[in-house]
Each structure stands twice: as structure tokens, then as C-alpha cells.
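The values are calculated or read from the model by the stated rules, or taken from the named source; none is laboratory data. Please read all numbers here as calculations on a predicted model, not as lab measurements. Cβ placement follows ideal geometry from the backbone for every residue including glycine, while neighbour counts extend to all protein chains displayed.
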Amino acid sequence: MLDVEHVSGGYHSVPVVKDISFQVKSGETLGIVGPNGSGKSTLLKLLYGGLKLDSGRISVDQKPLHSFSPKNLAKKIAVLPQQMEETFSYTVRDVVELGRYPHQHGWLSRLSQEDKRIMENAMKETNVLSFAEYSLDNLSGGEKQRVFLARALAQEPEILLLDEPTNHLDISFQLNLLDTLKRWNQTKQLTVIAVLHDLNMAGLYSDRLLLLENGEQKALDKPGYVLEKEQLENVYQAALNRKEHASVPRPLISLEPAYSNNMVAEDPLDQLEVHQQENLVYMKTPFYWKTFSSAVIGSGFGWHRYFVNRHVSTSYNADDAVLEYKDCLQNEGFDVADTAAMMTAAVLDDGSFTRWKEDPNILVYVTAGVSNAVDASMAYQKQEKTNQIGTINGWIFIEGVLTEAAFAQIVMTATEAKSKALFDKDIRDEETKTNATGTSTDSLLVAATQTGTNFEYGGTISSLGKKVAGAMYEAVSYALDNNQKRHQNEDFS
């Protein structure tokens, strides 16, 4: 649909954009990203003829851009620049009506019913219909932005060029706008080329990204390839991090500040205060730990400074366990947002702490009940049960910087060590009579200071994994011994 071949151009014979080439297909969204001064807005002006080319060629449907009359070009391309002219005090409806001009015949043409329908839809799509009779002068910057977008949509172009379309818009309207454009991609085969400063918005809504640096084409590809950490850090001269979006297959970029609000103590494990109440064991610290867990509260990755293990009875039942637990934590005075919290029907007094002070510095805490011990390899044969005492809950605290891979590998390493402890203690699945590998409701938390030594790996043979495995095996073994002794004492009494 749009072909850009070796395009260069700028102002007063000074090239701002240099030798840019790409193609955009019908129904595609191309995001243009890059730091200030990289030539994004200049390139957009070249694409709609707002600036003359110094060299190269731009074609629409295989016809040179310069061969279109202004009116015919307006049927093909609509533009939403950063700054809009507001010479006259028009109403919103008047502004949107201007978008229908390329489709009218003669100076005195009147709006047809079809024109009015298209205008109405454009105003609905951009949420400006409710103030259609207002003067443009009385609107906020974000409202004006939406009005000018409505005008561009009313133009019914095949290609829509946008320069920072989310400027002045709050989050909900940014999402609404970009969702609308994506829907028009699919239903109307609208081609969208948008200059975007927000890398995450660009990554979420663009089929491909064009990354510019000093007027030159640095990268052109799918967001997953363009939004690479090293490439972005080199282009933007800023420390960045890349993660993956939680619900869609797109990258997420976060900034790395030069300062830290998390002042970690010299020996952070000594700063873990352990407190035990009748139905709670908890730790608290003055600083945050990065965590990865299957906890009831604070699961997945997070940052926490309170760690709670709560005992509940075997008859515990709540319609919403998470909501009930949050209420419980608040009543106990915990800041829920800063808390990772587990539950267990096992007796908390059976818990065990293991501290290994060698580098790496590690603390492991485990509570264990094994009445619902299960052999995972045979679990597919079993009926789900919810009324048995069990659960092995484990917390692993590490002084060091862990990669995401290391967090995941520590979970595997700790699980293997736990299973070996169960094997050595001859804990059996009561139904299958085979060796148990865990219980049906086990939970695990890995917490790291993210300061000090870097640990890229946490597998069983890595320097970190070996210490974690040893400490976890020891803590699980002690907790199982405590559990067994208590049962023996209860039987004897």
C-alpha cells in the first residue's frame, strides 16, 4: 500500500531523515519510535507531502505521492499532527465535518445522510459526541486531541498518519483510542503509521516498529525484535529493563533509576525479624526483597518486606480465600501490598529454620505436614481432597542478585531437595503406597535482596543451587522430624 524507498529530507537543505526504506501493507500498524531529534515527525511530514523529498521515492498504491491532487490524496491519507491549527472558533461538529470535505463535490455541496452517519460514528468512536456542539476553545488538550482524531476518522482514509496521538490523553482514553485504531485495522483494513514516545504502547499496538536514531533507520521488525534491551539502551542512552507482558505476547520496557529507595543492610539476613503468634509465623524487614512465589497473597514476582505463614484449621472454608486473607492481614496490621503470605493446616511449631552463612548467605524456613502426602507421578489416579492436614511451605532468603532464570531454577532445585528429604524419611502416599514427592498443597517462596553477588543460575550444580539444595534438604528433614516426634508424643499421651 505504502512504499518508502531510500527517502531523505529535512529543512533548508539540511537532511534530518536519511535513506529510510520500508513498506506498509493494508491493515497494518507501523509504530515509529526513537529519542527526541531522531527524525520521527520529519519522516511523517515527508510521508504526507508536508515536506519535499531531498531524494528517494514515496508511493501509495504504486503511484508516486506527488502525482495525487490534494483532494485525492486526502481520500487516501489523513493526518493527525502534534500541533493543530485553531484559527477559527469552530464547534466540535464543525471540525469533524471538515473531514468529509475530500468526499464532497463542488463548493456548495451539502452533507448527505451518509456523511452525517460517518461523522456520528467517528465522534462515538472517539467519545466526543456528548460535546459535539461545544466550541473547540472550551475544551481541554485531551478533548481537542480526540476531536481532531474524529475529524481524521471521518475522512475515511486508507492510511492514517498520527504524530503522538496519545498526547494529553489519560490512560483510559489512550487505551480506547489505540483499541479503536486496532479495530479499524481489522474491520476496515485501515493502515496506521504512528509516531509514539511510549515504548510500551508502541509495542502493544504495532505490528512492526521502525526505530530511528539520528535520522537513520536503526531497526525495522516485530516489537519483540526491536525492543531489545541493549539496542534500546544504546539508542536512548538510558538504563532499561525488558520483561514480557502478563497477558499478551509483547515486551514491556521499564526504566532503571540511578537511585534506589531500597536501602539494604550490610547483613540483610540478620535484619529478618522472626515473630510467632498462636496462628501466625511472620518475618519483617525494613527493606524489600524481590520474590517469586506460589503464595496465596503476593504470588508470582513481587517486592515484599513482610512474610506470613498462617495456620488454619482443616475445616477452613471461605468463598474468596484471597479476600478473606487480605482482611485477616489488615486486621493484624500488615501492609497487604508489601506482604507475601501462605496458609497451612500444619502445626507451625513443627517449623524449622536453617541458616547457611557461607557465600551465598542463605536462610530457609519450612513448615511440614504430610497427612496428604502425594506421589506426583500417580496423582492423576487420585480424587481431589480438601479436608486433610498437610502442606510443606518453604521460604528461601538469599543475599544476592538473581536473574529470572535463577529464580525459576531455585524453585526446581528446592523442590528436588524437598522430594529427596521425603524419600529419605520414607514418607509415603497413603493411597498408592509409593514414595511421596510432596503434598497436594505445597507452596514455595524465593526471596532475594537483589544486591551483592550476581547469580545467573540456580540449578542443582551451580554455586547457589548447591547451597540452596543443602539448606532446603536440611530444613525439610528437621521439620519432618519435628512433625513425627509431635505425633509420637500425642500417640504416647
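Observations
- If you go through region 304-333 and keep only what is touching a residue at least 40 places away in the same chain (Cβ under 8 Å) and closer than 21 Å to VAL274 by Cβ, you end up with HIS304, PHE307, ASN309, GLU332.
- Screening VAL264, VAL347, VAL248, VAL312 for residues that are hydrophobic (A, V, I, L, M, F, W, C) and under 25 Å from ILE398 (Cα atoms) leaves exactly one candidate, VAL264.
- Residues in region 322-340 that are surrounded by 14 or more Cβ atoms within 10 Å (Cβ to Cβ) and under 26 Å from the mean Cα position of the chain (by Cα): TYR325, LYS326, VAL336, ASP338, THR339, ALA340.
- Contact map, region 252-279: first residue over 24 Å from GLU228 (Cα atoms), second residue assigned to a loop (DSSP other than H, G, I, E, B) and of a type in the set (Gly, Ala, Ser), Cβ cut-off under 8 Å, separation 6 or more or different chains; pairs are GLN271/ALA265.
- The residues in region 413-427 that are closer than 9 Å to THR437 by Cα and acidic (Asp, Glu) can be counted, and the count is 1.
- Qualifying positions in region 120-177 - part of a loop (DSSP other than H, G, I, E, B) and either in contact with a Gly (Cβ under 6 Å, 6 or more places away or on another chain) or aromatic (Phe, Trp, Tyr) (or both): TYR134, GLN155, HIS168, LEU169
- Criterion: in the same structural domain as GLY39 (by TED's automatic domain parsing) and at pLDDT below 90 - qualifying residue of ASP137, ASP163, ASP198, ASP207: ASP137
- LEU272 vs. criteria farther than 20 Å from VAL336 by Cβ and either of a type in the set (Gly, Ala, Ser) or out of contact with any helix residue (DSSP H, G or I) (no Cβ under 9 Å at 6 or more places or on another chain) (or both): no
- One residue alone among GLU416, GLU358 is of a type in the set (Asp, Glu), modelled with pLDDT of 95 or more and farther than 29 Å from TYR325 by Cα, and that residue is GLU416.
- Failed condition for ILE171, given (1) surrounded by fewer than 17 Cβ atoms within 10 Å (Cβ to Cβ); (2) on the phi > 0 side of the Ramachandran plot: (2)
- Verdict on ASP481 being in a loop (DSSP other than H, G, I, E, B), more than 26 Å from GLU244 (Cβ to Cβ) and not basic (Lys, Arg): no
- Residues in region 217-231 that are surrounded by 15 or more Cβ atoms within 10 Å (Cβ to Cβ) and acidic (Asp, Glu): GLU228 alone.
- Of all residues in region 240-292, exactly one satisfies the criterion of being small (Gly, Ala, Ser) and touching a Gly at 6+ places or on another chain (Cβ under 9 Å), namely ALA246.
- Region 39-70: number of residues that are free of Cβ contacts under 8 Å to residues at least 60 places away in the same chain and part of a strand (DSSP E or B): 7
- Summed over region 10-58, residues that are surrounded by 15 or more Cβ atoms within 10 Å (Cβ to Cβ) and either of a type in the set (Lys, Arg) or closer than 18 Å to GLN82 by Cβ (or both) total 23.
- Among residues of region 419-450, those that are buried (at least 18 other Cβ atoms within 10 Å of the Cβ) and either under 21 Å from PRO360 (Cβ atoms) or in contact with a Cys (Cβ under 8 Å, 6 or more places away or on another chain) (or both), counted: 8
- If you go through region 15-38 and pick out every residue that is assigned to a loop (DSSP other than H, G, I, E, B) and not charged (D, E, K, R), you end up with 7.
Yes/no matrix, rows are residues, columns are (1) within 24 Å of THR291 (Cα to Cα); (2) in the same structural domain as TRP289 (by TED's automatic domain parsing); (3) not in a loop (DSSP other than H, G, I, E, B):
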| position | (1), (2), (3) |
| --- | --- |
| VAL411 | yes, yes, yes |
| GLU416 | yes, yes, yes |
| LYS420 | no, yes, yes |
| ASP426 | no, yes, no |
| LYS433 | no, yes, no |
| VAL446 | yes, yes, yes |
| GLY452 | yes, yes, no |
| TYR457 | yes, yes, no |
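- Checking each residue in region 344-361 for being crowded, with 23+ Cβ neighbours inside 10 Å and not in a loop (DSSP other than H, G, I, E, B) picks out only THR344.
- Against the conditions (1) in contact with a strand residue (DSSP E or B) (Cβ under 7 Å, 6 or more places away or on another chain); (2) without any contact (Cβ under 8 Å) to a residue 40 or more places away in the chain, LEU73 satisfies every one except (1).
- Only a single item in (1) charged (D, E, K, R); (2) in contact with a Cys (Cβ under 9 Å, 6 or more places away or on another chain); (3) loosely packed, with under 12 Cβ neighbours inside 10 Å is not met by ASP319, and it is number (2).
- Scanning region 212-226 for residues that are part of a loop (DSSP other than H, G, I, E, B) and closer than 19 Å to GLY37 by Cα gives ASN214, GLY215.
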